[in-house]
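The values are calculated or read from the model by the stated rules, or taken from the named source; none is laboratory data. From a predicted model like this one, the values you see are computed outputs, not experimental measurements. Ideal geometry is used to build each Cβ from the backbone, glycine not excepted, and the neighbour counts take in all protein chains shown. Quick note on the areas: whole protein, heavy atoms, side chains included, nothing else; ligands and nucleic acids left out. Shrake-Rupley method; radii C 1.70, N 1.55, O 1.52, S 1.80 Å.
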Amino acid sequence: MEAQQILNVDSLKSILPNKEGKERIFTLNLLATNLRESEQQQALDFAKEAEALAISLNDTAGESLAKENIGWVYYRKGRYEEAFQYSKEAYDLAVEVNDMNVAARLMNSMGALFYEQRNYDQAIEQFQTAYEISKENDDLFTEIRSLNNIAFIYSQKQVYDSALYYAKLSKKQNEDAGSPYLSSFSNRVIGDVFFARGNYDSAQMVFEESLETAQKQNALTTEASITHRLGGTYLKLNKLKEAKEILTKGIQISKENGFLDELAQNHKYLSDYYVQIGDIKNAFDQQSIYLVLNDSLVNSGNRDRLALMQGMFQESLDQTELKLLKEQNESQAQRLALTRRNNWIIAIAIISIVSLAIWLLILNRNIKKYNKFLVEQKEKIKDQNKDLETKSFELASINETKNKLFSILGHDLKGPVAQVKSVLDLIAQGALSKEEFEELLDSLKTDIDTVHFTLNNTLKWSMSQMEGFKIKKSPFNFREVVDANLVLIEPSLKEKKIQVDNRMDDSVPVFADSDLMDVVVRNILNNAVKFSKKNESIEITNSCEKDMIKWCVQDHGLGMTDAQIETVLSKDYTITQSQKGTNQEKGSGLGLQLCKEFIRMNGGDITIQSEKKKGTKVCVTIPIKGSQGQSQVIHRKEVFQS
């Protein structure tokens, strides 16, 4: 759509009652386009009405634009499979009526869906195609939008020079077009690059300019996505007052509009703010809110991406089957043509022996050519069948992973959740006094902790199995990670009266992904407490071996058999039945599997020494140094512009 078509929403609403037929379809589509970033439900309602009216009036162009708006709103809502279906239908209709402007908009939508699959190269290809089409058709709005999206993907790939080039090119065209919202998005990408490179003063200036233009345009999705970025920048610059103010505002905007991704990030940075001022209680509260939101988003995102992958796979499968049938029909037609030619040669042979000889030579040459062609077609069909088998195997693997996850969740979470529900039912019925509830409080907390720990391990395991999962390595003090996790398990230590003898050095520098190593430490310490008896002790040590740090945890609990150790340390993932702890604590069977996988991802290794009824010693090795050009995947859903 041209930039000059962005009209005042109130004006459009005022003229809508007087519009009929195709003029009403056009007005409804304009309203949906202008509202889909700020009032998504209204935009969806207008687009749905436009779609129904266009179908009844056989207005293909109007139906295509309505479906494009519906697809984008569904993308914003995270309903990726529906977004894909509507976008595909809209693109087919746009091509049918040769509406290249709408086709270019839809290429942007498809690029966004490829981004959700972490297929960055395919996403860039879609956006570049959209840019070329819109440039040829003088569609300045879509041209600027495509440049912004290309810049955004390059920033996610950490190709910062390319990201800056496309963002600045988009910003220059924005200045000519006078579109504040698109300029705001360009500045947001530029700010991300400055922040990633540590240029925090420049990042602050660009983010503040981006926020100002987003507020003027009432672009709520962009405004919400900038608040946590600006808050994080203020924290880096030690501007604590400004950080708290902008993060609090970001939480308010995100709550009012249901922007869960941005809400989680604002809570995360607000937790960092409270840590910096020494308010540990509020920091813990904000971090807890962030973890709940983030766990929910990761789980929902994985489920939605799986649905999108299945939808796109089915579409690819249908296209492959159609192509195969077409080639088979062409092959049959060629064989029929060959038969008719043979009959013609035979008829000519009856007339003249000489003609027969000539035609037999021609026939022989043609038969060889067509036989070669048929062999090539057969090989091509064979390759396509192999490709179908491979995709079927991939889908089966996805279903197997899903079944494993559901099995774990159903088995290990049903009991604790059922116990909490029973207590709540008793409270609701008035059958449980305050004193009785307080007696059950510790037990309820233990159940909730078990649910949280199991869910966290399950989601981390799921993410590690996803195609495109990468890690971000950086230098950090491993002692700090261990101390933080000892604080988390302190209630369990007190309950069993277990003494922890932490003999680690104050500074233990390592080079690894701190988030993954946090999961490793938490699981190893949790297992040590889980399988230790009351009044026992746990020793924690570290040592240096060449370019590796060796970190060990020794308990004096139940111990493990050689067969159990061999299963845990095998090369493959094995989800085993978790052994109950000394206080009948339950587990998912994923803990040590996560430790093994995450440690090896970071270039280390894990060893286990154990003896039944005498205890277990778990040791991991972690690199001290590494290369700085480590790849990174941002594990949260960033928003594209509309």
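Would you mind checking the pairs K22/K67; K494/K596; K534/K612; K236/K494; K494/K580; K236/K281 and listing those with alpha carbons more than 25 angstrom apart?
Long pairs (Cα-Cα over 25 Å): K494/K596; K236/K494.
The 1.4 Å probe gives accessible areas that order V417, V482, largest first, as V417, V482. Within the same chain, aspartates and glutamates fewer than 8 places from K88 are excluded, and of the rest, those with a Cα less than 19 Å from its Cα are E51, D59, E63, E68, E96, D99, E116, E125, D304, E315, D318, E321. Centroid-to-centroid, using Cα positions, region 58-109 and region 525-565 are 57 Å apart.
Sorting 352-362, 270-280 by their mean Cβ neighbour count within 10 Å, with the most densely packed peptide first, gives 270-280, 352-362. Rounded to two decimals, the Cα-based Rg/Rh of region 61-159, with Kirkwood Rh, is 0.96.
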